[in-house]
Amino acid sequence: DLAVMAGLLMLAARAGPGRVFGLTGLRAPVVRPLIWAAALFVPALLIAAVSAPVSRAFTGLDLFWQGVGFPVIEEVIYRGLAVGALILWAGWRWWAACLLPALLFGLVHAGQGTELMEVAGLVAITGLGGLLFGWLFVRWGFNLWPPILLHVGLNSLWIVFALGETALGGWLGNGLRLAVVVGAIVLTVVMTRGRAAEAAPIG
């Protein structure tokens, strides 16, 4: 999927690999996003460690792919390439450019559910998550590291600790996720104040 997306962008915009890679936001500074992520996930990890049992089902391979590999690939495709191209190349407004990939992101997770209500809940939660990741990407000045770190952190918590079999989670998992999301938004507003508008046009 990543190679296909990059190839389509190169064809559509007649852009070379370097220009397409520049859309991803992977060249952006990572130190401040790391500090931001640590402020979010050190407390979350401590809360999960004392409140939830370690999952008996997860393996190192699960943690590598579902916790790190797939989130990174998804963020590059749905935020870096899709949102980046729609805003910087197609001239879309930031909210519309974040919304469309978020809808697609939600739909591709529909297969995790087995019943209609479960599928609807999964699509809604992952779609809203995709919208948040897109907003983070833009707000941090087209820096992909904050959405990557948030996505990896949340997925990894779900894999290591028994917080729920799917993204819907239980009361503890949903409460912890809500706290991390609210913290991510508040810290982002504080840490990017006066910086986001300087990095690239978002309106």
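Some observations on this one:
- Ranked by solvent-accessible area (1.4 Å probe, protein heavy atoms only, all chains present), the residues R79, R193 order from largest to smallest as R193, R79.
- The stretch between N174 and R93, if pulled fully straight at 0.36 nm per residue, gains 26.1 nm over its current Cα-Cα span.
- The slack between R19 and L104, meaning 0.36 nm per residue of separation minus the straight C-alpha distance, is 28.2 nm.
- Rg over Rh [alpha-carbon atoms, Kirkwood Rh] for the stretch 41-92: 1.23
- Distance between modelled label sites at R27 and V189, nm, 7 Å Cα→Cβ extension: 3.2 nm
- Relative contact order of the stretch 24-136, defined on C-alpha pairs under 8 angstrom at six or more residues apart (%): 22 percent
- Whole-Å distance, taken between Cα centres, linking the stretch 54-72 and the stretch 96-155: 18 Å
- Label positions at V42 and Q66, each projected 7 Å from the Cα along the C-beta direction, are separated by 2.9 nm.
- Here each label is just a point 7 Å from Cα along the line to Cβ, and for L34 and A57 those points are 3.3 nm apart.
- In this view, the solvent-accessible surface of L40, computed with a 1.4 Å probe and all protein chains in place, comes to about 20 Å².
- Overall, the accessible surface of the stretch 33-115 at a probe of 1.4 angstrom is composed of carbon and sulfur to the extent of 72 percent.
The values are calculated or read from the model by the stated rules, or taken from the named source; none is laboratory data. This one's a predicted model, so the numbers in the text were calculated from it and none came from an experiment. Every residue, glycine as well, gets a Cβ built from its backbone with ideal geometry; the counts of neighbours run over all protein chains shown. Side chains are part of the model used for accessible areas, which takes the heavy atoms of the whole protein and leaves out ligands, DNA and RNA. Shrake-Rupley method; radii C 1.70, N 1.55, O 1.52, S 1.80 Å.
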